[in-house]
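Have a look at the structure below before the remarks.
Derivation of every value follows stated rules applied to the coordinates shown; laboratory data play no part. In this text, all values refer to a predicted model and were calculated from it rather than measured experimentally.
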């Protein structure tokens, strides 16, 4: 008759314990890393949620200040203000040349 592997008692057991132990250690380390990643994700999400209202307030304040700056620049460069601005620029250039050391 041919060989049949019907009886496990006729074959010795293969040494799977070392491989299984290595796989168990790898699995446990992967579980530990996964738990740590979930914890840090939740912690960072909570920090971002606590900062978000301040960020929205700062953005609104920035937009308001930008509009105010635009309005002030419009006033400054219109009509007589433009003439005064050019005169101030000329006088500033004269002062800069006067303070320049020629030696």
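With 0.36 nm allotted per residue and the present C-alpha distance subtracted, the residue 55-residue 19 stretch has 7.7 nm of extension available. Relative to the current alpha-carbon distance between residue 62 and residue 42, full extension at 0.36 nm per residue lengthens the span by 4.2 nm.
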